[in-house]
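Below: the structure, in C-alpha cells.
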Amino acid sequence: MQFTEFKLENLKEFPKELDILLEKQLKTIEDISNNSKSSYKEVLKPLQDLDNELELFFTPLSHLNSVNNSDETKKAYEESLPKLSKFHSQIAQNEKLFKKIESISSHDLEKKRVIENNIRDFVLSGAKLPKKQKKELEEINRELSELSNKFFQNLIDANSAYELIIKDKKDIKEIPSSDLALAKEKINGEIVYKFTLQIPSYLAYMTYGTNREYREELYRAYSTRASKNGEIIDRILLLRDKEAKLLGFENYTNLSLATKDAPSVNSVIDFLEKLLKLSRPQAIKELDELKEFALKLDNIKDLQPFDVAYYSEKLKKEKFDFDENITKPYFEQTRVLNGLLEVVSNLFNIEFRPSNTPLWHNKAKAFDIYKDNKISGRVYFDLEARKEKRGGAWMHNWQTHFIDSKGEKHLPVVFIVCNFPASTKENPSLLRHDDVVTLFHEMGHGIHHLFSKCHEYSVSGVNGIAWDVVEFPSQFLENFAYEKEILKKFAFHYETKEAMSNELLDKIKRSKNFQSALGILRQVEFSLFDIKLHQKLYQGNEVQSLLDKIREETALLKVPSYNKFQNGFGHIFSGGYSAGYYSYKWAEVLSADAFFECLDSNGSFNQEKANGYYKYILSRGSSEDMNILYKKWLGRDAKVESLLKLYGIKDL
C-alpha cells in the first residue's frame, strides 16, 4: 500500500459516514474483547489498524477545517467531535479489553512500548473507575472537546471580523512594499490600506507602522479579541480539575505530567525559574537599551507594549544595519521551499519529487519522497495566509509508517502549514527571515514523522511522543536556518537573482540573539502561567490575578489592564499544550545540545553525527523514552548550558 489520496467530497454527509465507520469499529473491538484470542498479534495489531483507519478518514476534515474554514467544514467538524469523544470514551472504559491487554507481554522493544502505553492510557481514561464515575468522565471529555473547538472557532471569527482602514499615506510610509501591496484595497473608488488581526498583516503594522495611535488600536484589538473565551476558560479549568481528581491526581498539572518526559512539577518549575533567574539581568539591560533608543529617536518617555516591535526593529537596524525588509527580497517563498528540500535531501540522502495528487487549494503543493530510489513518504505544503485559514504554523501527520496486521507496509504523509504573505500575479510571496525559521521548524516536525522506520503504528513517527520532547526535532532543524552555508543554498534576490552577500548573511547570524533574554522571559511567563494555572482551580478574576503575579517577575514592561492574553492562548485551551507549554523550552535543551553536536566548523552539518541523529532519533519514533534514545546516540544527557549558549546568555 502506498498513499490514500486527499479528497473530501460530501461534507454534509460526513458525520453520517463517521457514524457508520465508528459503529463498524466498535463491533470489531467488541469481537476482539470477547473472543479467546489473547496474543499481541491478535489483539493490539488489529486495534492499531483501526486507529489508522480512523485517522485516514477524519484527518482530511480536521485539516480542511483549519486551512479552508467555512460554514460547511465547521458544521461537519462540530457534529463529528461529540461522536469521536463518545467513541474514545467507550473504548477507554472497555474493561474486558483492558484486562486482555494487561495480560499481554513482549520482549520486542516496540511492542513492549505499545503495551505499556495502552495500559497507561486505559488507566488515565478511567478504566479502573466505578461505572458512575466512568460516565462522569465520559461527559467531561465530551464537553472539553466541544469547548476546545469553540475556543478555537472564536479566535478565527475574531481574527476575521476586525479591520483597521488607513487612508493617509504618511501612516504607512515605513511599511515594506510587499506587505503594503497585500494591504492595499479600493473601497468606494478610494485607495485605502486594510490591516487585520491575521498574523502577517498584524505584524506588518506593529513592526513598521508609523502611527502610534494605530499601533495601540491594533494591539488593543488583538489583546482583547475573543472575549467570549473568558467564560470558556473557566469551564475548561473546572472540568480539567474534576477530571484530575476523578483519576486520583491532586491537580490537572500532575495528570498532564503523567504522560510527559519531565519527572515532576517541581522539576519543571525549578527549570523555568532557573531560566528566569539567568535571563532576567540580561533582559533588563535589553529593555533599558530599547527605552533609551525610543527616547532618543522620538522622545518616547513611556514605552508601551505596542511600541516594542516598532522600536526594536529600528534598534536592530541601527545596531546591526539590518532589518527584515532588507532580507525579504532574498527569501522568495518557492525558492526557500526548494532550498529547504535540498538541505533535507543532502542531509539524509533522499529525494523530493513533485506529486501529481489532488489538493484542497491551488496554492498548496505536494512532494513524494524517495530513498534509495524507492518511494518512502509524501509531504504537502500549504504556506500562504488567507482569510479562511487558521493563524499560525503547524505540522499535521495524516498517514504513518507501520506494518499492519496483514503484513502490509504503510507509508507516512504529513501536512506542513504556514501563514506567509500571499503571492499575487504582480508580487511573489516574500518571507521574513523569521518565516524561513518557521518553515525549517515545521519541517523538523515533518521529518520526525516521515523518517520513522517503526513497525508498530502507535509508536511510529510522532505517535506516542511525549509532549515535552515533541519540539526537539523541530527546534533542532530551525537552528540551521541561521547558518551561512545553509542560507547560501536559496538566498537569492527574486528580481536580480543576485546571491545574498556574505555581509548580510553575517548580519542575520549576529542579530539572531537580539533581545534573546526578553524572548526567554516571555516564554517563561507563558510556561509558568500554564503550569501554575493547572495546579489548583482558578476561576474568573483569579486567572488574571495569577497572570499578573507572574508578570511581576517576567514582564519588565507594564502590561495594560485591558490585555486579556489568556483569551487567545490557543496552545493550552485548544491546542494540546495544557500544563505542558513548558515543553518548548524543555525540548530546546535537547535541540540546542544536539545542534552544537551536529554543527561542523564551517557552519554546516557534521554528516557522521547527522547520520546518528537519523538512526537514533528520527527513525525510532516513541519506541523508547527520548532521554534513552539521546544517550544511545551521544552516550550522555543533554546539557542545559547548551540552551543558554544558543541564546548568548552570559554568566552561566
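Things to note:
- One Cα centroid belongs to region 500-575, the other to region 594-652; the line between them spans 26 Å.
- Shape class of region 103-244 from the Cα gyration tensor (axes a ≥ b ≥ c, square roots of the eigenvalues): prolate, since a/c reaches 1.5 or more and a/b is larger than b/c.
- Selection from GLN25, THR59, SER80, by position along the positive dipole direction of region 1-81 (Cβ): GLN25
- Listed residues THR210, PHE14, HIS433: farthest to the positive end of the dipole of the chain (Cβ charges): PHE14
- Within region 9-86, the GluC sites (Glu not before Pro) that combine a DSSP coil assignment with at most 13 other C-beta atoms in a 10 angstrom radius are GLU9, GLU13.
- Nearest-0.05 FRET efficiency for GLU95 and ASP600, computed from C-beta distance (R0 56 Å): 0.50
- Region 505-548 residues near the modelled ASP288 label - backbone nitrogen below 16 Å, point 7 Å along Cα→Cβ: 515, 517-518
- Karplus (6.51, -1.76, 1.60) ³J(HN,Hα), θ = phi - 60°, over region 230-240, in Hz, Gly and Pro reported as x: x, 5, 5, 4, 4, 5, 4, 5, 4, 5, 5
- Within region 1-133: Cβ-based charge dipole about Cα centre, in debye rounded to nearest 20 (Lys, Arg +1; Asp, Glu -1): 680
- Amide H within-cut-off set for TRP398, under 5 Å, with H built and near neighbours excluded: VAL413, VAL414, PHE415
- Percentage, to the nearest whole number, of Cα pairs in region 261-363 over 22 Å apart: 64
- Relative to the current alpha-carbon distance between LYS83 and GLU351, full extension at 0.36 nm per residue lengthens the span by 92.5 nm.
- Size of region 455-533 as Cα extents on the principal axes (Å, biggest first): 49, 40, 20
- Residue among PHE98, LEU137, LEU124 farthest towards the positive dipole end of region 54-152, charges placed on Cβ: PHE98
- Across all directions, the shadow cast by the convex hull of region 67-177 built on its C-alpha atoms averages 12.6 square nanometres.
- This model, with +1 at the C-beta of Lys and Arg and -1 at the C-beta of Asp and Glu, gives the chain a dipole about its Cα centre of some 420 debye.
- Using distinct alpha-carbon pairs, which all enter the 1/r mean, Kirkwood radius of region 93-157 in Å: 13.9
- Rounded if a/c under 1.5, otherwise prolate or oblate - region 331-408, Cα gyration tensor axes: oblate
- Working note: Cα gyration tensor of region 1-105, eigenvalues times five, square-rooted, sorted largest first, giving semi-axes of 30, 15, 11 Å.
- For region 193-285, applying the loop criterion from DSSP together with a ceiling of 13 other beta carbons within 10 Å to the GluC sites (Glu not before Pro) yields GLU250.
- Amide hydrogen neighbours beyond the local backbone of ASN606, cut-off 5 Å, H modeled: LEU599, ASP600
- Size of region 384-531: Rg and Dmax of its alpha carbons, in Å, are 18.6, 57.
- Among the listed pairs LYS314/LYS484; LYS296/LYS558; LYS134/LYS532; LYS86/LYS245; LYS285/LYS319; LYS228/LYS389, those with a Cα-Cα distance over 25 Å are LYS134/LYS532.
- Integer Hz, Karplus 6.51/-1.76/1.60 couplings in order for region 345-350, x for Gly and Pro: 4, 5, 5, 10, 6, 10
- The Rg/Rh ratio of the chain, with both radii computed over alpha carbons and Rh defined as the Kirkwood radius, is 0.95.
- Estimated from the Cβ-Cβ distance and a Förster radius of 41 angstrom, the FRET efficiency linking ARG235 and ASP298 is about 0.40.
- Listed by chain and number, the lysines whose alpha-carbon sits under 19 Å from that of LYS37, ignoring those within fewer than 8 places in the same chain, are LYS27, LYS45, LYS96, LYS99, LYS100, LYS111, LYS112, LYS406.
- Qualifying trypsin sites (Lys or Arg not before Pro) in region 18-127, DSSP loop, other Cβ atoms within 10 Å at most 16: LYS37
- From phi via Karplus (6.51, -1.76, 1.60), per-residue ³J(HN,Hα) for region 130-146 in Hz, x at Gly/Pro: x, 4, 4, 6, 4, 5, 5, 5, 4, 5, 4, 5, 4, 5, 4, 4, 5
- Structure-based [θ]222 nm, the chain - -39500 (n - 2.57) summed over DSSP H runs of at least 4, per residue, nearest 500: -18000 deg cm²/dmol
Each reported figure results from applying straightforward, stated rules to the coordinates on display, with no laboratory input. What you see is a predicted model; the values in this text were computed from it and never measured. For neighbour counting, all protein chains shown are included, and Cβ atoms are generated from backbone atoms with ideal geometry for every residue, glycine included.
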